[in-house]
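Visitor: Dumping the structure here so I can ask a few things about it.
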Amino acid sequence: MRAVRTAVLVSGGGTNLQALLDKKAEGALPHVDFVRVISSRPDAYALTRAETAGVPTHVSPRKGNTQEAFEADILNCLEKDKAELIILAGFMSILSADFVRRYPRRILNVHPALLPAFGGKGFYGLRVHEAALQRGVKLTGATVHYVNEIADGGEIILQKAVSVLPGDTPEILQRRVMEQAEWLILPKAAEIAAKELLNE
Ligand code: GAR
């Protein structure tokens with residue numbers, strides 16, 4: 001069976017991208033081929049991680065561009081690369097309905113909470129963990145889902161729960177959710193989605 005041409009969209013540190021690259025190097029993602037990492041920020045450390053792993057990179061800056069121009073640049077890159085699957089791994093922009101409709105069940109996102117809790121517009125990065133701590137939940141976690149027109153509203157592929165512990169700060173909780181959930185379920189979901197695509 002062949003591997004699916006996959007692009008990863010990032011904006012920041014890229015620890016989720018690293019988890020994908022590490023699993024690929026271990027041979028755990030036989031049906032996923034990383035053809036490009038696209039960053040919405042030129043200074044994202046995720047770009048260095050991609051270069052180190054030998055994956056070609058591209059920067060589509062969000063800053064200074066309209067949403068239309070930003071998305072047109074990403075689309076152009078994806079089309080040139082013949083990308084079939086797109087993984088949002090710490091990608092901090094919401095893609096328009098027009099964009100998302102071009103790739104039905106072809107875009108995955110990792111979200112640092114158990115959706116539908118703490119999801120949607122305004123819930124990204126540390127803010128998600130701040131909200132969870134403020135609400136006093138005792139369990140949180142991560143979700144990998146398909147992306148549709150509703151922010152964080154697409155079909156769920158995998159979820160994993162993580163305990164909130166006394167004394168947690170947003171930063172401590174974020175790290176635990178990454179280590180115990182995101183870095184495990186994102187590669188697994190990528191392989192599931194790639195296999196599904198190949199079986200269509
Ligand atoms: C991760 O926790 C990811 O789930 C979250 O941002 C962090 C990025 O870390 N993504 C979102 O909130 C998207 N709505 P990373 O750059 O180290 O992977």
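The values are calculated or read from the model by the stated rules, or taken from the named source; none is laboratory data. Quick caveat, the model's predicted, so the values are computed rather than measured. Backbone-built Cβ (ideal geometry, glycine too); neighbour counts: all protein chains shown. To get the accessible areas, we keep the full protein, side chains included, count just its heavy atoms, and leave off ligands, DNA and RNA. Shrake-Rupley method; radii C 1.70, N 1.55, O 1.52, S 1.80 Å.
Visitor: Using alpha-carbon pairs under 8 Å, 6+ residues apart, how would you state the relative contact order of segment 36-194 in percent? Spell out each step's value before the answer.
Guide: Numbers: 235 pairs, mean separation 28.2, N = 159.
Relative CO of segment 36-194 lands at 18 percent.
Visitor: Cα extents of segment 17-62 along the three principal axes, largest first, in whole Å?
Guide: 32, 16, 14
Visitor: If every alpha-carbon in the chain counts as one equal scatterer, what log10 I(q)/I(0) does Debye give at q = 0.08, 0.17 1/Å?
Guide: -0.24, -1.14
Visitor: Can you list the HN-Hα couplings for segment 22-35, worked out from phi with the Karplus curve (6.51, -1.76, 1.60; θ = phi - 60°), rounded to whole Hz and with x for Gly and Pro?
Guide: 5, 5, 4, 5, 7, x, 7, 10, x, 9, 10, 10, 7, 9
Visitor: Which whole-Hz couplings ³J(HN,Hα) result when phi for each residue of segment 4-16 is put into the Karplus expression 6.51 cos²θ - 1.76 cosθ + 1.60, θ = phi - 60°, listed in order with x for Gly and Pro?
Guide: My calculation for segment 4-16 gives 7, 5, 10, 10, 10, 9, 9, 9, x, x, x, 5, 5 Hz in order.
Visitor: Still on this model: Charges only on Cβ, +1 for Lys and Arg, -1 for Asp and Glu: so what's the dipole of segment 10-120 about the Cα centre, in debye to the nearest 20? Before the final figure, lay out the partial values.
Guide: Values: 13 positive and 12 negative charges, 31 e Å.
Computed charge dipole of segment 10-120: roughly 140 debye.
Visitor: Sticking with this one: Aspartates and glutamates near K24 by alpha-carbon distance under 14 Å, same-chain residues fewer than 8 away left out - which ones?
Guide: Partners found: D33, E191.
Visitor: May I ask you to compute the full-extension gain from A53 to L126, defined as 0.36 nm times their residue separation minus their alpha-carbon distance, rounded to one decimal in nm?
Guide: Details: separation 73, 0.36 × 73 = 26.28 nm, distance 2.69 nm.
Gain on extension, A53 to L126, equals 23.6 nm.
Visitor: Which pairs, out of K160/K188; K80/K188; K23/K82; K80/K121, put more than 21 Å between their alpha-carbon atoms? Write out the running numbers ahead of the final one.
Guide: Numbers: K160/K188 12 Å; K80/K188 27 Å; K23/K82 23 Å; K80/K121 30 Å.
Checking Cα-Cα distances, K80/K188; K23/K82; K80/K121 exceed 21 Å.
Visitor: Taking the Cα-to-Cβ direction at Y45 and at K82 and moving 7 Å from each Cα, how far apart do the two end points lie in nm?
Guide: So the two model labels end up 3.5 nm from each other.
Visitor: Still on this model: With a Förster radius of 25 Å, plug the Cβ-Cβ distance of M92 and K160 into 1/(1 + (r/R0)^6) and report the FRET value to the nearest 0.05.
Guide: Values: r = 22 Å, r/R0 = 0.87.
Calculated transfer efficiency: 0.70.
Visitor: List the residues, sorted by chain then number, that are 5 or more residues from G12 or on another chain and whose placed amide H is less than 5 Å from its amide H.
Guide: Those lying under 5 Å, H to H, from G12 are A46.
Visitor: Using the Karplus equation 6.51 cos²θ - 1.76 cosθ + 1.60 (θ = phi - 60°), what ³J(HN,Hα) coupling, rounded to whole Hz, does each residue of segment 49-59 give in order, writing x for Gly and Pro?
Guide: 4, 5, 4, 4, 8, x, 9, x, 10, 8, 10
Visitor: With a probe of 1.4 Å, find how much accessible area the chain has per residue, and write the answer as a whole number in Å².
Guide: Working: 9630 Å² over 200 residues.
Ligands and nucleic acids excluded, the figure is 48 Å² per residue.
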